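See below for the structure under consideration.
The values are calculated or read from the model by the stated rules, or taken from the named source; none is laboratory data. These numbers were taken from a predicted model, which means no experiment stands behind them. Here Cβ is always computed from backbone atoms with ideal geometry, including for glycine, and neighbour counts include all displayed protein chains. Please note that ligands, DNA and RNA were not included when accessible areas were found on the heavy atoms of the full protein model with its side chains. Shrake-Rupley method; radii C 1.70, N 1.55, O 1.52, S 1.80 Å.
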Amino acid sequence: MRAPTPIEQRLLKTQQELQDCPHLAVDRSLTGELGQIFERTPVLFSYLPEWDGVVFSSELCVNSPRITELANLWRSAPGVGLPELGGEFRITDLFTAVRKYPPDLIPSGWPGAELCPELRVIDDTPLTAAGQLAAIRIQRQTDPLEIWYYDMDMNEVQGWSQQLVRLDLTYSGYLEQLVLTKGTYGWQYLFTDEVPFTDPYFKNIRTGLAAMLDHFPGLFPAWDYSDLRRRFAARFD
């Protein structure tokens, strides 16, 4: 078995930290197998005409974890003095994920439906079944590829009619923030200023993120949460 790459090491470390933390209860943890490392676009895509012109940069390839699946569902443990806090993530090998069918998210004619054929799931919450996921947008001659976040109830936000929002993150950037947040519910909203974060819809998400930023620096001192704290504060400006 090969040694994990740097991003794989960080993801596996964050998973181990969840399991080792006495203040958190992990309800599910799954680690798949490591696959072949790619420093450039896998040759397979050169034989698929529909992928002609789609750019998988060297930076994206090198920083894409080749793990068949890495999944965790966790929550604050009872009786340890933590506020209610939880999260879930499930990532899979990018080059497998992008060859799957687009997710069936939004009915035809609804706002954002035109984007769905270009989206491929990179992170979701299958056990929570909250209707939330992150996706990479497959477009020709586009580098870096866009990252979008889907929340089936986001269109309940006043003044916002869509269930999708673009994140200010690249794919590798998404993974780095996943390492920090450990999949805390709603962390993706720290990386968009389009959705009105003070809307009542986000009350529980705001509470959870505030708890994460209050307690994670003490629980996981190896990581720097200063940028996430600044982003959280900025969402109220």
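Per residue, the accessible area of the chain comes to 49 Å², computed with a 1.4 Å probe over protein heavy atoms only.
Projected label points at ASP27 and ASP104, each 7 Å from Cα along the beta carbon direction, are separated by 2.6 nanometres. For the chain, averaging the sequence separation of C-alpha pairs within contact (under 8 Å, six or more residues apart) and dividing by the residue count gives a relative contact order of 16 percent. Ordering of 126-132, 164-170 by packing is 164-170, 126-132, highest average first (other Cβ atoms within 10 Å, averaged per residue). Spin-label model, GLU84/VAL62: points 7 Å from Cα along the beta carbon direction are separated by 4.5 nm.
Counting only protein heavy atoms and a 1.4 Å probe, tell me what percentage of the chain's accessible area is made up of carbon and sulfur. So the carbon and sulfur contribution to the accessible surface is 50 percent.
Are there GluC sites (Glu not before Pro) in the range 150-213 that DSSP puts in a loop and that have at most 12 other Cβ atoms within 10 Å, and which ones? Those satisfying the criteria are GLU194. For the chain, compute Rg over Rh where Rg is the Cα radius of gyration and Rh is the Kirkwood radius from the inverse mean 1/r over Cα pairs. Taking Rh as the inverse mean 1/r over Cα pairs, Rg/Rh reads 0.96. Across the range 35-113, the convex hull enclosing all Cα atoms gives 179 Å³ per residue. Estimated at 0.36 nm per residue, the fully extended path between ALA210 and GLU69 surpasses their Cα-Cα distance by 47.9 nm.
What does the charge dipole of the chain about its Cα centre add up to, to the nearest 20 debye, if the Cβ of each Lys and Arg holds +1 and the Cβ of each Asp and Glu holds -1? Rounded to the nearest 20 debye, it is 360 debye.
By the rule of a C-alpha distance below 24 Å, with chain neighbours fewer than 8 residues away ignored, the lysines paired with LYS203 are LYS182. Pairwise Cα distances in the range 143-219 exceed 18 Å in 42 percent of cases. Using the Cβ of PHE45 as centre and a radius below 12 Å, the other residues enclosed give a net charge of 0, where K and R count +1 and D and E count -1. Computed with every protein chain present, the accessible area of ARG10 is close to 70 Å² [probe 1.4 Å]. If R0 equals 22 Å, the separation of the Cβ atoms of THR192 and ALA129 corresponds to a calculated FRET efficiency of about 0.45.
Here the range 219-237 is scanned for amide nitrogen atoms under 13 Å from the site 7 Å beyond the Cα of TRP160 along Cα-to-Cβ, giving 235-236.
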